[in-house]
Amino acid sequence: MLIHIPKVLTDVQVGICRERLAQADWRDGRATAGPQSAQVKANLQIDEGSAEARELGKTIVGALERNSLFISAALPRFVYPPLFNRYESGMSFGTHIDNAIRQVPGTVGRIRTDVSATLFLSALEDYEGGALVVEDAYGAHKVKLPAGDMVLYPATSLHSVSPVTSGVRLAAFFWVQSMVKDDGERALLFDLDSAIRDLTAAETDGPAIVKLTGCYHNLLRKWSEM
Ligand code: NI
């Protein structure tokens, strides 16, 4: 399931990210790729231990902690510190799959990548091409969102970034280890939670909402791991 999360960052926060990233030391993105994906990867990244990555990463994680749509959709247990990439004209990232397990930089901890996230930082008019393409059972989905918006997709998906044909595409990307690792179970919980919120907003019959809320929590209890 692909989920669009609008306005994760404010316009001011996006402006700060772009300003800091303009001064960053951009390096060959193959440094963080596995052997298969390195063959199809052509982009730039900043070092994950750099001051910019840490500072901007904290801003993003702080914004996610207050974003109820993100929490409902991802049911996060751990969020990997965000990384940043840059695609200039002619750069792309061919079809690949992200590593299942990643070492958290600067720690001995590892996370399982259940959910992948891309947070767009360039305005749509700043570049041509550069769509994120995510494949699932229903085909290939092209995603290009306004600056500050984010897409979540199952980390089990094959995906790519189409060639940028002009301008510059900046984005943050990271992974989430979810309390519910199975995408189908997580999607079901997200739908149930959304329906309960809609019913609550419409002030529908109270006892039925309480029963549905009970179903939500009992399913979460059954499927979550801590
Ligand atoms: Ni990827």
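Which chymotrypsin sites (Phe, Trp or Tyr not before Pro) in region 45-141 sit in a loop by DSSP (not H, G, I, E or B) and have at most 15 other Cβ atoms within 10 Å of their own Cβ?
Tyr138
At 222 nm, what helix-only mean residue ellipticity would the chain give, in deg cm²/dmol to the nearest 500, using -39500 (n - 2.57) for each DSSP H run of four or more?
That calculation yields -10500 deg cm²/dmol at 222 nm.
So if each residue of separation counts as 0.36 nm, and I subtract the Cα-Cα distance between Asp11 and Ala51, what length gain in nm does that give?
Length gained between Asp11 and Ala51: 12.3 nm.
With bins 10 Å wide starting at 0, give me the P(r) of region 1-98 over every alpha carbon pair, in whole percents.
14, 38, 40, 9
Could you give me the percent of Cα pairs per 10 Å distance bin for the chain, shortest bin first, beginning at zero and ending with the bin that holds the maximum distance?
Result, from short to long distances: 8, 32, 36, 17, 6, 1 percent.
Note the count of lysine pairs whose C-alpha atoms are less than 21 angstrom apart in the chain, limited to pairs 8 or more residues apart or on different chains.
So the count works out to 7.
I'd like the distance between the alpha-carbon centres of region 101-121 and region 1-67, rounded to an integer number of Å.
Computed from Cα coordinates, the inter-centre distance equals 12 Å.
Between Val40 and Glu125, how high is the FRET efficiency from 1/(1 + (r/R0)^6) when r is the Cβ-Cβ distance and R₀ = 41 Å? Nearest 0.05.
E between Val40 and Glu125, to the nearest 0.05, is 0.90.
Provide the convex hull volume over Cα atoms per residue for region 55-141, in Å³.
So the per-residue Cα hull volume is 153 Å³.
What's the extension gain from Glu65 to Ala100 if we count 0.36 nm per residue and subtract their Cα-Cα distance?
Stretched out fully, the Glu65 to Ala100 stretch lengthens by 10.3 nm.
Can you tell which of Ser157, Gly130, Pro105 lies farthest toward the positive end of the dipole of region 12-158, using +1 and -1 charges on the Cβ of basic and acidic side chains (Lys, Arg; Asp, Glu)?
Pro105
Once you wrap a convex hull around the alpha carbon atoms of region 183-223, what is its projected area averaged over all directions, in nm²?
With the hull built on Cα positions only, its mean projection is 2.5 nm².
Can you give the charge dipole size of the chain about its Cα centre, rounded to the nearest 20 debye, using +1 on the beta carbon of Lys and Arg and -1 on the beta carbon of Asp and Glu?
Dipole about the Cα centre, nearest 20: 500 debye.
Just to verify a number: FRET efficiency for Ala195 and Ala137, C-beta to C-beta distance, R0 = 25 Å, to 0.05?
Plugging the Cβ-Cβ distance into 1/(1 + (r/R0)^6) gives 0.60.
If you fit an axis through the alpha-carbon atoms of helix 183-201 and take the longest principal axis of the Cα set of the chain, what angle between them do you get, 0 to 90°, nearest 10?
60
At most 16 other Cβ atoms within 10 Å and a DSSP loop assignment: could you name the GluC sites (Glu not before Pro) in region 31-126 that fit?
Glu88
Provide the gained length on full extension for the span Thr156 to Arg27, in nm with one decimal, where the gain is 0.36 nm per separating residue minus the Cα-Cα distance.
Value of the extension gain: 43.8 nm.
Take the Cα of Leu219, step 7 Å along the line toward its Cβ, and report every residue of region 169-195 whose backbone nitrogen sits under 14 Å from that point.
Counting only backbone N, you get 180-195.
Calculate how large, on average over all directions, the projected area of the Cα convex hull of region 98-226 is; give the answer in nm² to one decimal.
Approximately 10.7 nm², given one-decimal rounding.
Compute the helix-to-body angle for 51-65: its Cα long axis versus the longest principal axis of the chain, expressed 0 to 90° and rounded to tens.
Tilt relative to the chain: about 20 degrees.
I'd like the GluC sites (Glu not before Pro) in region 130-226 restricted to DSSP loop residues with at most 12 other Cβ atoms within 10 Å, sorted by number. Can you show the working numbers first?
On the way: sites: Glu135, Glu185, Glu203, Glu225; in loops: Glu203, Glu225.
For GluC sites (Glu not before Pro) across region 130-226 that sit outside H, G, I, E and B with at most 12 neighbouring Cβ atoms in 10 Å, the list reads Glu203, Glu225.
All of the numbers you see were taken from the coordinates with simple rules; none came from a lab. These numbers come from a predicted model, not from an experiment. For neighbour counting, all protein chains shown are included, and Cβ atoms are generated from backbone atoms with ideal geometry for every residue, glycine included.
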